[in-house]
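Novice: Could you have a look at this structure, given as C-alpha coordinates, before my questions?
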Amino acid sequence: MTQEDGQLDSLVRKRIRALRVAQGWSLEELAGRAHLSQSSLSRIENGQRRLALDQLVTLARALDTTLDQLVENAVDDVVINPVAHGGHGRLRWPVKGDPGMSVVRQRITDPPPDSPARMRAHPGREWFVVLSGTAVLMLGHRRLRIETNQAAEFPTMLPHAIGAEGGPCDIMGIFDRDARRGHREDADDAGPR
(Lines give C-alpha, C1' and ligand atoms only; values in the text may rest on other atoms or scores of the structure.)
Protein backbone atom coordinates (compact mmCIF):
# COMPACT_ATOMS: atom_id res chain seq x y z
CA MET A 1 0.00 0.00 0.00
CA THR A 2 1.41 3.40 -1.01
CA GLN A 3 1.40 6.38 1.32
CA GLU A 4 -1.41 7.95 -0.75
CA ASP A 5 -3.47 4.75 -0.48
CA GLY A 6 -2.87 4.69 3.26
CA GLN A 7 -4.03 8.30 3.59
CA LEU A 8 -7.21 7.58 1.60
CA ASP A 9 -7.85 4.46 3.69
CA SER A 10 -7.50 6.49 6.88
CA LEU A 11 -9.69 9.28 5.49
CA VAL A 12 -12.50 6.85 4.59
CA ARG A 13 -12.40 5.27 8.05
CA LYS A 14 -12.55 8.69 9.73
CA ARG A 15 -15.37 9.74 7.41
CA ILE A 16 -17.43 6.62 8.28
CA ARG A 17 -17.04 7.32 11.99
CA ALA A 18 -17.75 11.06 11.59
CA LEU A 19 -20.91 10.40 9.57
CA ARG A 20 -22.09 7.85 12.12
CA VAL A 21 -21.49 10.24 15.02
CA ALA A 22 -23.15 13.13 13.12
CA GLN A 23 -26.28 10.98 12.80
CA GLY A 24 -26.16 10.30 16.54
CA TRP A 25 -25.87 6.54 15.96
CA SER A 26 -23.99 4.05 18.08
CA LEU A 27 -21.79 1.37 16.52
CA GLU A 28 -24.66 -1.04 17.09
CA GLU A 29 -27.19 1.15 15.25
CA LEU A 30 -25.03 1.64 12.15
CA ALA A 31 -23.96 -2.00 12.15
CA GLY A 32 -27.63 -3.03 12.13
CA ARG A 33 -28.45 -0.65 9.28
CA ALA A 34 -25.43 -1.89 7.27
CA HIS A 35 -26.05 -5.59 8.09
CA LEU A 36 -22.62 -5.92 9.74
CA SER A 37 -21.66 -7.11 13.17
CA GLN A 38 -20.84 -4.40 15.69
CA SER A 39 -17.31 -5.78 16.10
CA SER A 40 -16.74 -5.74 12.31
CA LEU A 41 -17.81 -2.11 12.11
CA SER A 42 -15.61 -1.22 15.08
CA ARG A 43 -12.60 -2.88 13.41
CA ILE A 44 -13.35 -1.06 10.13
CA GLU A 45 -13.47 2.31 11.90
CA ASN A 46 -10.30 1.56 13.88
CA GLY A 47 -8.25 0.29 10.93
CA GLN A 48 -8.04 -3.29 12.22
CA ARG A 49 -10.01 -4.71 9.30
CA ARG A 50 -9.46 -4.34 5.58
CA LEU A 51 -11.93 -2.10 3.75
CA ALA A 52 -13.93 -4.23 1.30
CA LEU A 53 -15.82 -2.67 -1.61
CA ASP A 54 -19.08 -4.49 -0.84
CA GLN A 55 -18.98 -3.26 2.77
CA LEU A 56 -18.23 0.30 1.66
CA VAL A 57 -21.24 0.26 -0.67
CA THR A 58 -23.46 -1.02 2.15
CA LEU A 59 -22.05 1.52 4.63
CA ALA A 60 -22.52 4.37 2.15
CA ARG A 61 -26.20 3.46 1.72
CA ALA A 62 -26.70 3.11 5.47
CA LEU A 63 -25.08 6.52 6.01
CA ASP A 64 -27.30 8.09 3.32
CA THR A 65 -24.39 9.00 1.07
CA THR A 66 -22.81 7.63 -2.09
CA LEU A 67 -19.72 5.51 -2.51
CA ASP A 68 -18.14 8.36 -4.49
CA GLN A 69 -18.68 10.79 -1.62
CA LEU A 70 -17.43 8.27 0.91
CA VAL A 71 -14.10 7.72 -0.89
CA GLU A 72 -13.66 11.21 -2.38
CA ASN A 73 -10.15 12.51 -1.92
CA ALA A 74 -10.37 15.89 -3.68
CA VAL A 75 -8.95 18.25 -1.06
CA ASP A 76 -6.20 19.77 -3.19
CA ASP A 77 -7.78 23.18 -3.76
CA VAL A 78 -9.31 24.20 -0.46
CA VAL A 79 -8.63 27.92 -1.00
CA ILE A 80 -10.37 29.39 -4.03
CA ASN A 81 -9.14 32.71 -5.38
CA PRO A 82 -11.57 35.11 -7.02
CA VAL A 83 -11.51 36.06 -10.66
CA ALA A 84 -12.34 39.63 -11.68
CA HIS A 85 -15.36 39.69 -13.97
CA GLY A 86 -16.60 42.58 -16.06
CA GLY A 87 -16.38 46.26 -15.32
CA HIS A 88 -18.93 46.33 -12.52
CA GLY A 89 -16.62 45.49 -9.62
CA ARG A 90 -17.68 41.83 -9.65
CA LEU A 91 -15.47 39.08 -8.33
CA ARG A 92 -16.39 35.48 -9.12
CA TRP A 93 -15.46 32.37 -7.14
CA PRO A 94 -15.85 29.10 -9.05
CA VAL A 95 -17.93 26.55 -7.12
CA LYS A 96 -16.55 23.04 -7.57
CA GLY A 97 -19.47 21.08 -6.19
CA ASP A 98 -21.86 22.14 -8.92
CA PRO A 99 -20.44 23.54 -12.13
CA GLY A 100 -23.77 25.26 -12.76
CA MET A 101 -23.53 27.38 -9.61
CA SER A 102 -21.72 30.69 -9.43
CA VAL A 103 -20.72 32.84 -6.45
CA VAL A 104 -20.17 36.55 -7.02
CA ARG A 105 -19.09 39.34 -4.70
CA GLN A 106 -20.13 42.72 -5.96
CA ARG A 107 -19.81 46.31 -4.77
CA ILE A 108 -22.91 48.25 -5.77
CA THR A 109 -22.68 52.04 -5.88
CA ASP A 110 -25.67 53.00 -8.05
CA PRO A 111 -29.15 53.53 -6.59
CA PRO A 112 -31.88 51.14 -7.74
CA PRO A 113 -33.35 51.94 -11.15
CA ASP A 114 -36.21 54.41 -11.21
CA SER A 115 -37.75 52.75 -14.25
CA PRO A 116 -39.18 49.22 -14.44
CA ALA A 117 -37.77 49.10 -17.99
CA ARG A 118 -34.28 48.80 -16.49
CA MET A 119 -35.19 45.68 -14.51
CA ARG A 120 -34.19 42.25 -15.85
CA ALA A 121 -36.01 38.91 -15.89
CA HIS A 122 -34.54 35.56 -16.90
CA PRO A 123 -34.88 31.91 -15.88
CA GLY A 124 -33.24 30.76 -12.67
CA ARG A 125 -32.95 31.43 -8.97
CA GLU A 126 -30.72 33.88 -7.11
CA TRP A 127 -29.68 34.27 -3.49
CA PHE A 128 -27.60 37.07 -1.98
CA VAL A 129 -26.45 38.31 1.41
CA VAL A 130 -25.52 41.91 2.14
CA LEU A 131 -22.00 42.04 3.56
CA SER A 132 -21.99 45.81 4.21
CA GLY A 133 -24.28 48.76 3.60
CA THR A 134 -27.90 48.58 2.51
CA ALA A 135 -29.11 47.07 -0.75
CA VAL A 136 -32.44 47.78 -2.36
CA LEU A 137 -34.00 44.90 -4.25
CA MET A 138 -36.58 45.92 -6.81
CA LEU A 139 -38.66 42.78 -7.33
CA GLY A 140 -41.64 43.18 -9.59
CA HIS A 141 -43.64 46.05 -8.04
CA ARG A 142 -41.99 45.64 -4.63
CA ARG A 143 -39.10 47.66 -3.20
CA LEU A 144 -37.27 45.73 -0.47
CA ARG A 145 -34.48 47.06 1.78
CA ILE A 146 -31.92 44.39 2.64
CA GLU A 147 -29.46 45.49 5.30
CA THR A 148 -26.09 44.14 6.43
CA ASN A 149 -26.30 40.44 7.36
CA GLN A 150 -29.73 40.04 5.81
CA ALA A 151 -30.28 37.86 2.75
CA ALA A 152 -32.78 37.55 -0.07
CA GLU A 153 -33.73 34.64 -2.31
CA PHE A 154 -36.00 34.93 -5.31
CA PRO A 155 -36.88 33.42 -8.69
CA THR A 156 -35.24 35.52 -11.38
CA MET A 157 -38.24 35.26 -13.69
CA LEU A 158 -39.63 38.15 -11.63
CA PRO A 159 -38.32 41.44 -13.03
CA HIS A 160 -35.55 42.50 -10.65
CA ALA A 161 -32.69 44.90 -10.06
CA ILE A 162 -30.40 45.59 -7.13
CA GLY A 163 -29.12 49.01 -6.13
CA ALA A 164 -27.48 50.68 -3.13
CA GLU A 165 -29.10 53.00 -0.61
CA GLY A 166 -27.18 55.62 1.37
CA GLY A 167 -23.78 54.75 -0.10
CA PRO A 168 -22.04 51.69 -1.51
CA CYS A 169 -23.02 48.19 -0.45
CA ASP A 170 -21.24 44.87 -0.85
CA ILE A 171 -23.20 41.72 -1.62
CA MET A 172 -22.31 38.06 -2.06
CA GLY A 173 -24.62 36.38 -4.56
CA ILE A 174 -25.17 32.75 -5.51
CA PHE A 175 -26.74 31.99 -8.87
CA ASP A 176 -27.95 28.72 -10.30
CA ARG A 177 -26.95 27.81 -13.88
CA ASP A 178 -29.90 29.64 -15.49
CA ALA A 179 -29.52 32.81 -13.40
CA ARG A 180 -25.79 32.86 -14.09
CA ARG A 181 -26.48 32.61 -17.82
CA GLY A 182 -28.99 35.49 -17.56
CA HIS A 183 -26.47 37.69 -15.76
CA ARG A 184 -23.76 36.85 -18.27
CA GLU A 185 -26.05 38.21 -21.00
CA ASP A 186 -26.58 41.39 -18.92
CA ALA A 187 -22.84 41.87 -18.23
CA ASP A 188 -22.47 44.40 -21.03
CA ASP A 189 -25.05 46.74 -19.46
CA ALA A 190 -23.60 49.77 -17.74
CA GLY A 191 -26.41 50.06 -15.16
CA PRO A 192 -27.15 48.13 -11.97
CA ARG A 193 -28.33 44.53 -12.14
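Novice: Residue by residue through the range 18-42, note down the ones that are under 29 Å from the mean Cα position of the chain (by Cα) and surrounded by 17 or more Cβ atoms within 10 Å (Cβ to Cβ).
Specialist: Listed by number, the residues that qualify are 19, 20, 30.
Novice: Let me ask another. Evaluate the following for residue 109: is it of a type in the set (Ser, Thr, Tyr) and in contact (Cβ under 8 Å) with a residue 40 or more places away in the chain? Don't jump to the end; show me each part of the working.
Specialist: On the way: of a type in the set (Ser, Thr, Tyr): yes; in contact (Cβ under 8 Å) with a residue 40 or more places away in the chain: yes.
Yes; evaluated as a whole, the condition is true for this residue.
Novice: Kindly provide the set of residues from the range 123-160 that are assigned to a loop (DSSP other than H, G, I, E, B) and in contact with a His (Cβ under 8 Å, 6 or more places away or on another chain), ordered by number. Walk me through how you get there before you give the answer.
Specialist: So the first thing to find is which residues in the range 123-160 are assigned to a loop (DSSP other than H, G, I, E, B), and the list is 123-124, 133, 140-141, 148-150, 156-159.
140, 156, 157, listed by residue number.
Novice: Just wondering, is there one or more residues in the range 1-10 that are surrounded by fewer than 15 Cβ atoms within 10 Å (Cβ to Cβ), among the hydrophobic types (A, V, I, L, M, F, W, C) and not in a helix (DSSP H, G or I)?
Specialist: Yes, the conditions are met somewhere in the range 1-10.
Novice: Are any residues in the range 161-183 closer than 12 Å to residue 122 by Cβ and outside any strand (DSSP E or B), and if so, which ones?
Specialist: If the condition is that a residue be closer than 12 Å to residue 122 by Cβ and outside any strand (DSSP E or B), then 176, 177, 178, 179, 180, 181, 182, 183 are the ones that fit.
Novice: Look at residue 152 and say whether it is touching a Lys or Arg at 6+ places or on another chain (Cβ under 7 Å) and not polar (S, T, N, Q). Reasoning before the result, please.
Specialist: Details: touching a Lys or Arg at 6+ places or on another chain (Cβ under 7 Å): no; not polar (S, T, N, Q): yes.
Judged against the criteria, residue 152 is not a match.
Novice: Related question: Can you name the residue in the range 49-63 that is in contact with a helix residue (DSSP H, G or I) (Cβ under 8 Å, 6 or more places away or on another chain) and assigned to a loop (DSSP other than H, G, I, E, B) and is also modelled with the lowest pLDDT among such residues?
Specialist: 51
Novice: Being free of Cβ contacts under 8 Å to residues at least 24 places away in the same chain, among the aliphatic types (A, V, I, L, M) and farther than 20 Å from residue 167 by Cα is the filter; apply it to the range 112-151 and report the residue that is surrounded by the most Cβ atoms within 10 Å (Cβ to Cβ).
Specialist: 139
The values are calculated or read from the model by the stated rules, or taken from the named source; none is laboratory data. As the structure is a prediction and not an experimental result, all values here were calculated from the model. Note that we place each Cβ from the backbone using ideal geometry, even for glycine, and neighbour counts take in every protein chain shown.
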